[in-house]
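Okay, structure first, notes after.
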Amino acid sequence: MLWLGLTGKLELYIHPRYVVFTVVMAVIGLVFTLASFFMAPQWRDKHTHDEDAAPTGRARRLAKATGLQLSAAAIIVAAIFAMLVLPPAPLSLSAAEQRSVNSSVGSAPVAPISDEQLASIDTSTFTVKEWTTYLNMGVSAEFLAENPVDVTGFVSADTNDPDNVFFVTRFSITCCAVDASPLGLAVYHPNWQNELTEGKWVRVRGGIVPNPSAFSTETYAVVPTDVEPADDATEPYVF
């Protein structure tokens, strides 16, 4: 955890607001772990005096010490493998497929928003999360017509109409990667597989309209004016 914190990768696993707390607790854990190494020899010397008196006492201590060394070596090898061979990576397409895109979004509109409130909203910085939230609030067709979409995320197929619709997908994290929910903005783009690859990041611009797909369960979809490859986001999650 300390290594992840120092390299700025801890946010791939937890919400940024918990980074400081996690690092502090990791430092405390490290202190106690190191202290245990210094205390362990004293404890063994105190509790193995009787064993040393027996012919097999020294052999038993040697076996215990060897076992401890092997366990420590295994932990070190596992840590090196996890940090160097398998570097930290954000959640991706496979996790989105397992958790189902937009499964965390309610089926009915919530907390309706008035036209007066809509008028003061700047959608130019909206991410996938904001768009899915406002669509679930039941915003008006006029609002959608006046506010084009410009979002970035990775491509995941709409399983109900994979030939015509894909999602621009991002993971929303409340606490940590365990509770991450994939959110997606549907894009109506027939035969998109000829141009795009699932899991790759794209930038999509266009307007939101009632979904033209006859099979997708998404009420709205982006009809794109431009879809272009994008670099993986430096902050892959939305919070």
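Summed over segment 110-150, the residues that are closer than 15 Å to Pro210 by Cβ and outside any helix (DSSP H, G or I) give a count of 4. Report, by residue number, each residue of segment 139-187 that is charged (D, E, K, R) and closer than 22 Å to Pro90 by Cβ. Once the filter is applied, which keeps residues that are charged (D, E, K, R) and closer than 22 Å to Pro90 by Cβ, segment 139-187 yields Asp150, Asp158, Arg170, Asp179. Any idea how many residues of segment 221-239 are more than 15 Å from Val204 (Cβ to Cβ) and charged (D, E, K, R)? Result for segment 221-239: 2.
For Glu228, the requirement of being in a strand (DSSP E or B), over 13 Å from the mean Cα position of the chain (by Cα) and over 26 Å from Val139 (Cα atoms) is met. Filtering Ala145, Ala95 for residues that are touching a residue at least 12 places away in the same chain (Cβ under 8 Å) and closer than 14 Å to Tyr220 by Cα leaves a single hit, Ala145.
Of the residues making up segment 156-171, not a single one is of a type outside the set (D, E, K, R), out of contact with any Phe, Trp or Tyr (no Cβ under 8 Å at 6 or more places or on another chain) and in a helix (DSSP H, G or I). Among the numbered conditions (1) at pLDDT 70 or above; (2) more than 15 Å from the chain's Cα centre (by Cα); (3) of a type in the set (Val, Ile, Thr); (4) not assigned by TED's automatic domain parsing to the domain that holds Pro182, the only one that Val105 does not meet is (4).
Of all the listed residues (Val223, Val187), the sole one being outside any loop (DSSP other than H, G, I, E, B), under 23 Å from Arg99 (Cα atoms) and in the same structural domain as Val155 (by TED's automatic domain parsing) is Val187.
Quick check, is Leu91 surrounded by 10 or more Cβ atoms within 10 Å (Cβ to Cβ) and at pLDDT 75 or above? Against the criterion (surrounded by 10 or more Cβ atoms within 10 Å (Cβ to Cβ) and at pLDDT 75 or above), Leu91 qualifies. It is to be established whether one or more residues within segment 116-134 are acidic (Asp, Glu) and modelled with pLDDT of 90 or more. Within segment 116-134 (the criterion being acidic (Asp, Glu) and modelled with pLDDT of 90 or more), the answer is yes, since at least one residue qualifies. Annotation: of all residues in segment 1-33 being under 18 Å from the mean Cα position of the chain (by Cα) and among the hydrophobic types (A, V, I, L, M, F, W, C), the one that is nearest to Cys175 (Cα to Cα) is Ile14. Restricting attention to segment 122-136, which residues are loosely packed, with under 15 Cβ neighbours inside 10 Å and touching a residue at least 24 places away in the same chain (Cβ under 8 Å)? If the condition is that a residue be loosely packed, with under 15 Cβ neighbours inside 10 Å and touching a residue at least 24 places away in the same chain (Cβ under 8 Å), then Ser124 is the only one that fits. Scan segment 175-201 for residues that are surrounded by 15 or more Cβ atoms within 10 Å (Cβ to Cβ) and touching a helix residue (DSSP H, G or I) at 6+ places or on another chain (Cβ under 8 Å) and the total you get is 8. Of the residues screened, Val204 is one that is closer than 18 Å to Thr125 by Cα, among the β-branched types (Val, Ile, Thr) and surrounded by 23 or more Cβ atoms within 10 Å (Cβ to Cβ).
The values are calculated or read from the model by the stated rules, or taken from the named source; none is laboratory data. In this text, all values refer to a predicted model and were calculated from it rather than measured experimentally. Cβ coordinates were reconstructed from backbone atoms using ideal geometry, including for glycine residues, and neighbour counts include every protein chain displayed.
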